Amino acid sequence: MALPLREGTHIYIERKVFDADYVMPAMEMATDHYSLSYIISGDRATITPSGTFVYHEGMVTGSPPYRYARTVSKSDKPYERILIKFSPEFVTLFIEQVGQQIFDGIYEQVFFSFPPEGQKKIEKMFMDMVDEYKKEMPYREFILQGMLFRLLLTIWEERIPAEGVNTAKMTLTPPIVEAISYIEKCYFQNPSLEETAAVAGFSPAYFSRLFHTQMGKSYSEYLSSVKLHHASILLVQTDKSIMEIAQETGFCHGNYLNELFKKKIGMTPGQFRRRKK
């Protein structure tokens, strides 16, 4: 699950730089928000159940709630992007005034590219929203709502038609998508390879090979990364102890969670919590 919006808010904006080889550890989906990202630098690929889509600097990507996706690196350039998350309620007025068809059209397309002048316009609008979000002034969300509406319309008006964009697809098979969904629902119970293979309808040996081929990592590595991701959400969103979080996410003991965090994240769960909060 992607990190949800903070309670009582309808929009979140951040500008962030990642290492060139940054890879999302697991397939994720948002349940409470839409997202838009502007790629400042880097080359990425987003893996979804319907395919793998490659995009580059100057493009915009979007994702609606309940779409599984995972991004991976496609070059040695640092990856920098601006991310906007917003709740469905935040765009109700936009849909009422502009129409459901245009809004759905934006989110039916995984990414957008633009002619040079249009790209400059889009980039400035994203930058302006970052600056406005940082002000933390009264009526900030009201101001950002209007800016978001203008951004959505500009993306729609300035976009290059989808048929003019080259995409590289590598479809995940339905059994693997089913397995990913099962892991997301039951990760805290530590579902075994055999159990998940049965859900996918394959023998454990065949499922293991198929999973690794399509997901780029072993079943145990993927399950561990999903559990670690949910643990990181609980560290930021709650005040539960490390032991409580370890038990809720299937690690059983805080010491193991601590070891894995230091190995994968480079810091202890406590250090991660303090830094993010």
| query | Does at least one position in the range 175-193 carry a residue that is at pLDDT 95 or above and of a type in the set (A, V, I, L, M)? | reply | yes
| message | With the condition being under 20 Å from T71 (Cα atoms) and in the same structural domain as E248 (by TED's automatic domain parsing), I'd like the helices (runs of 4 or more DSSP H) fully within the range 167-216 carrying at least 1 qualifying residues. | response | 174-186, 204-215
| message | Six or more apart or on different chains, Cβ atoms under 9 Å: show the pairs whose first residue is in the range 123-141 and within 14 Å of I84 (Cβ to Cβ) and whose second is aromatic (F, W, Y) and in a helix (DSSP H, G or I). | response | R140/Y133; E141/F90
| remark: Going through (1) in a strand (DSSP E or B); (2) more than 27 Å from I176 (Cβ to Cβ) one by one, S37 fails only at (2)
| query | Taking only pairs six or more apart or across chains, which ones have beta-carbon atoms under 6 Å, a first residue in the range 65-92 that is over 17 Å from T52 (Cα atoms), and a second residue that is of a type in the set (F, W, Y)? | reply | Y79/F18; Y79/Y22; I82/Y38; I82/F126; K85/Y12; F86/Y34
| said: Any residue at all in the range 143-164 that's assigned by TED's automatic domain parsing to the domain that holds A26, under 30 Å from G8 (Cα atoms) and in a loop (DSSP other than H, G, I, E, B)? | reply: no
| In the range 233-277, what residues are at positive phi and hydrophobic (A, V, I, L, M, F, W, C)? | C252
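Would you point out the residue of the range 1-26, among those that are of a type in the set (D, E, K, R) and touching a residue at least 24 places away in the same chain (Cβ under 8 Å), that is surrounded by the most Cβ atoms within 10 Å (Cβ to Cβ)? Before you say what the answer is, go through the steps one by one.
So the first thing to find is which residues in the range 1-26 are of a type in the set (D, E, K, R), and the list is 6-7, 14-16, 19, 21.
Filter again for touching a residue at least 24 places away in the same chain (Cβ under 8 Å), leaving 14-16, 19, 21.
Details: E14: 12, R15: 17, K16: 10, D19: 11, D21: 11.
Ranking the candidates gives R15 first.
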| query | Given (1) within 22 Å of L228 (Cα to Cα); (2) part of a loop (DSSP other than H, G, I, E, B), where does V17 come up short, assuming only one miss? | reply | (2)
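Is it the case that I233 is surrounded by fewer than 18 Cβ atoms within 10 Å (Cβ to Cβ) and part of a helix (DSSP H, G or I)? Before you say what the answer is, go through the steps one by one.
Working: surrounded by fewer than 18 Cβ atoms within 10 Å (Cβ to Cβ): yes; part of a helix (DSSP H, G or I): yes.
Answer is yes for this residue.
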| request: Please work out which residue is nearest to the chain's Cα centre (by Cα), limiting yourself to the range 46-93 and to residues that are at pLDDT below 85 and of a type in the set (A, V, I, L, M, F, W, C). | output: A69
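So is A200 surrounded by 13 or more Cβ atoms within 10 Å (Cβ to Cβ), out of contact with any Lys or Arg (no Cβ under 7 Å at 6 or more places or on another chain) and at pLDDT 85 or above or not?
Numbers: surrounded by 13 or more Cβ atoms within 10 Å (Cβ to Cβ): yes; out of contact with any Lys or Arg (no Cβ under 7 Å at 6 or more places or on another chain): yes; at pLDDT 85 or above: yes.
The answer is yes for A200.
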| request: Test each condition in (1) touching a residue at least 24 places away in the same chain (Cβ under 8 Å); (2) within 23 Å of the chain's Cα centre (by Cα) for K263 and report the one that comes out false. | output: (1)
| request: Within the range 216-228, track down each residue that is surrounded by fewer than 20 Cβ atoms within 10 Å (Cβ to Cβ) and not small (G, A, S). | output: K217, E221
| query | In the range 187-204, is there at least one residue being among the hydrophobic types (A, V, I, L, M, F, W, C) and touching a residue at least 60 places away in the same chain (Cβ under 8 Å)? | reply | yes
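Can you find a residue in the range 159-166 that is of a type in the set (S, T, N, Q) and either buried (at least 17 other Cβ atoms within 10 Å of the Cβ) or modelled with pLDDT under 90 (or both)?
Step one: filter the range 159-166 for residues of a type in the set (S, T, N, Q), giving 166.
Adding the requirement that they be either buried (at least 17 other Cβ atoms within 10 Å of the Cβ) or modelled with pLDDT under 90 (or both) leaves 166.
Yes, some residue in the range 159-166 is of a type in the set (S, T, N, Q) and either buried (at least 17 other Cβ atoms within 10 Å of the Cβ) or modelled with pLDDT under 90 (or both).
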| remark: When the range 27-51 is checked residue by residue, the ones that are farther than 23 Å from P4 by Cα and surrounded by fewer than 21 Cβ atoms within 10 Å (Cβ to Cβ) are I40, S41, D43, S50, G51
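Out of all the residues in the range 252-264, which are out of contact with any Pro (no Cβ under 7 Å at 6 or more places or on another chain) and either modelled with pLDDT of 85 or more or crowded, with 16+ Cβ neighbours inside 10 Å (or both)?
We begin by selecting, within the range 252-264, every residue out of contact with any Pro (no Cβ under 7 Å at 6 or more places or on another chain); these are 252-256, 259-260, 262-264.
Those that are out of contact with any Pro (no Cβ under 7 Å at 6 or more places or on another chain) and either modelled with pLDDT of 85 or more or crowded, with 16+ Cβ neighbours inside 10 Å (or both): G254, N255, Y256, E259, L260, K262, K263.
The values are calculated or read from the model by the stated rules, or taken from the named source; none is laboratory data. Everything quoted here is computed from the prediction, not taken from an experiment. Every residue, glycine among them, receives a Cβ derived from its backbone with ideal geometry; neighbour counts consider all protein chains shown.
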